[in-house]
Amino acid sequence: MRLLTKIGAFGSFVAGGTYYARTSDDIRSLGVVRFGRAALTAVRIAVDYKLLFHRFEKTDPKYSEEIHKLHLKSAYRLHDLCCVNGGAFIKVGQHIGTLDYLLPIEYVQTMKVLHNEAPQSPVEELKTVIHEDLGQTVENMFVEFDPQPLGAASLAQVHKAKMSDGKVVAVKIQHPKVKRHSFVDIRTMEFLVHALGWVFPEFDYIWLAEETKKNLPLELDFLNEGKNCERVGRVLKKFKFLKVPKIYWEFSSERVLTMEYCDGGKVDDVQYMTDNNISVNKVTEHLGELYSEMIFVQGVVHCDPHPGNVLVKQTKQGPQIILLDHGLYQTLTDEFRVRYSQLWMSMIKADIKGIKEHSEALNVGDLYPFLACMLTARSWKAIEAGIDKHKPSTQEETDFKDMAGSYLVEISSVLSRVPRQLLFLLKTNDVVRSIERTLQSQSSSTAFLNMSRRCVKAVADWEASRCSNWRCRLRTELNRHFQLAKITVFSFYLWLLDSHLFGAWLQPKLTFSGNLR
């Protein structure tokens, strides 16, 4: 009876929201249609899950089969909504499609296709945007302008052009109606997730609407994207293998971004790398270095590394990584960054007490095993044993993805509890992991070594900044060098393992986890 009452109340919410949409000057009739589609889809999905949970316990033999069927059915409904409404809905759908280890595989696989289904705007409409924002015609700005887009995304599309001095550029132009539609979509999502959160408290996705509301206006400001691009180029300039495009500010505005044209293959294009003699192991190593530095040391994180935004190219110095689309960044506070570093150090060392302590500090409480599994994409059993001790098996990966489908409520609870800074890091982790899996790079401890060094640096720098006397600073520096020395010793051990002479003899003698303790 209580459920029926809440569903009835939710119907009133929907009706009230529709009335608001009908009477709002900003939304008008467009809002009624878009809101109605979203509301109907949300109600049907939520009620289906509620009825399933009412019919089956998780221990029921039929539960697993039924929940997977419902995941797929609901994913198709959500996909259809995103395609019809477009705009911010496609953006959210693409976000869902990157969360390989956080959401049921049925949702992830169904929503992945949205990366290739973004709508295109007629080139004449885009030329109008350029003229409105920059006061010049395309013909006056460029000697060549390719009418066929290099790529189309949910918010914009990119065209290749040539300037009068012969420089080739990529011009990113916002879809003409996307900003107006995005206002409607944000209000719709915000209203629906709050209403659904009240009717079905176990499905707490308020964070998704809040993050979309906060970040979408930033992504729609291409001047902000240009500043992010230049900023990450400065803070990561020590990585000679990294390239970010130059921004041409005189030809840029909030809706138009003109940048250096960079060619290369997508980071997950194995055939391109084979044809161009690019080492996939070196590419994944570089990618890991970049994101470890951004997350643990700099606290400035590019949060949209899906394959269309990361290109690779062979140079005389080796593989080059080209980072594109700098609209979505997460800036981490020092307190969070250090705590996150400590959590990763605990997971690498299989320090269960440390995992629990640092997870609880991130507001997860007794769900800390779920957070550890979500971050590492490994089973809790593997984490307890030491995630460096054995490669993740196909069976473990399958079991882990099944867990994401079976423990949807628990995962939802973790996502609603953690600091907002962590939400996009979870997405970033999943995307980078997905790239590594596609490339089938050799699994080794190199990624853990690079990550460990940067975690040590983050924690040591933090502790040193809080020292008030030379004794404290000396103690901190000695501990820093001691930890780094242990990592170096283990790195040397790995090199010996790779040699035919010592490998067989050393194999059972030492483990990474034991060495770091």
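Once you put a point 7 Å from the Cα of Glu260 and another 7 Å from the Cα of Val47, both along the Cβ direction, what distance in nm separates them?
5.6 nm
Can you tell me how much longer the chain between Glu360 and Asp334 gets when fully stretched, taken as 0.36 nm per residue apart minus their C-alpha distance, in nm with one decimal?
Details: separation 26, 0.36 × 26 = 9.36 nm, distance 1.76 nm.
This chain segment gains 7.6 nm when fully extended.
For Phe145, Phe336, write out the residues from largest to smallest accessible area, computed with a 1.4 angstrom probe and no ligands counted.
Phe145, Phe336
Which links in Lys160/Lys237; Lys213/Lys313; Lys58/Lys356; Lys237/Lys427 stretch past 29 Å when you go from one Cα to the other?
Lys213/Lys313
Report the calculated FRET efficiency for Lys69 and Glu139 (r = Cβ-Cβ distance, R0 = 51 Å), to the nearest 0.05.
After rounding, the FRET efficiency stands at 0.40.
Round to the nearest 0.05 the FRET efficiency obtained for Phe482 and Asp461 when R0 = 22 Å and r is the Cβ-Cβ distance.
It comes to 0.90.
Only Lys, Arg, Asp and Glu count, each charged at its Cβ (+1, +1, -1, -1), so figure out the dipole size of the range 87-138 about its Cα centre, rounded to 20 debye.
In debye, rounded to 20, the range 87-138 gives about 120.
Using 0.36 nm per residue of separation minus the Cα-Cα distance, give me the extension gain between Val113 and Leu40 in nm, one decimal. Let's see the in-between values first.
On the way: separation 73, 0.36 × 73 = 26.28 nm, distance 2.27 nm.
Separation in residues times 0.36 nm, less the Cα-Cα distance, equals 24.0 nm.
Among the aspartates and glutamates, which have Cα under 15 Å from the Cα of Lys227 when same-chain residues fewer than 8 positions away are ignored?
The reachable aspartates and glutamates, counting only those whose Cα sits under 15 Å from Lys227, are Glu219, Glu250, Glu254, Glu260, Asp325.
Lys486: which aspartates and glutamates have alpha carbons under 16 Å from its alpha carbon, excluding same-chain residues fewer than 8 sequence positions away?
Within the straight-line cut-off, Lys486 pairs with Asp388, Glu477.
What is the extension gain from Lys313 to Lys227, computed as 0.36 nm multiplied by their sequence separation minus the C-alpha to C-alpha distance, in nm to one decimal? Mind showing how you got there, number by number?
Details: separation 86, 0.36 × 86 = 30.96 nm, distance 2.41 nm.
Using 0.36 nm per residue and subtracting the Cα-Cα distance, I get 28.5 nm.
If you count only protein heavy atoms with a 1.4 Å probe, what accessible area per residue comes out for the range 159-305, rounded to a whole Å²?
Numbers: 6020 Å² over 147 residues.
Value for the range 159-305: 41 Å² per residue.
Can you work out the FRET efficiency for the pair Trp249 and Ala385, with r the C-beta to C-beta distance and R0 = 45 Å, to the nearest 0.05?
That gives a FRET efficiency of 0.30.
Can you sort Lys112, Lys316, Lys457 by 1.4 Å-probe accessible area, starting with the largest?
Lys316, Lys457, Lys112
Relative to the Cα centre, what is the charge dipole magnitude of the range 53-201, using +1 at the beta carbon of each Lys and Arg, -1 at the beta carbon of each Asp and Glu, and rounding to the nearest 20 debye?
The calculation lands at about 240 debye.
Ranked from highest to lowest mean number of other Cβ atoms within 10 Å per residue, what is the order of the peptides 303-312, 89-98?
So the order, starting with the most tightly packed, is 89-98, 303-312.
By average Cβ neighbour count within 10 Å, what is the ranking of 429-440, 234-245 from highest down?
Descending mean neighbour count gives 429-440, 234-245.
Carbon and sulfur together cover what percent of the accessible area of the range 281-354 at a 1.4 Å probe radius?
Of the solvent-accessible surface of the range 281-354, carbon and sulfur hold 45 percent.
What lysines does Lys167 reach when the alpha-carbon gap must be under 19 Å and sequence neighbours fewer than 8 apart in one chain are set aside?
Within the straight-line cut-off, Lys167 pairs with Lys243, Lys246.
The values are calculated or read from the model by the stated rules, or taken from the named source; none is laboratory data. Everything numeric here is computed off the predicted structure, so don't read it as measured data. Virtual Cβ from ideal backbone geometry, glycine too; neighbours counted across all protein chains shown. With ligands, DNA and RNA removed, areas are computed over all heavy atoms of the protein, side chains included. Shrake-Rupley method; radii C 1.70, N 1.55, O 1.52, S 1.80 Å.
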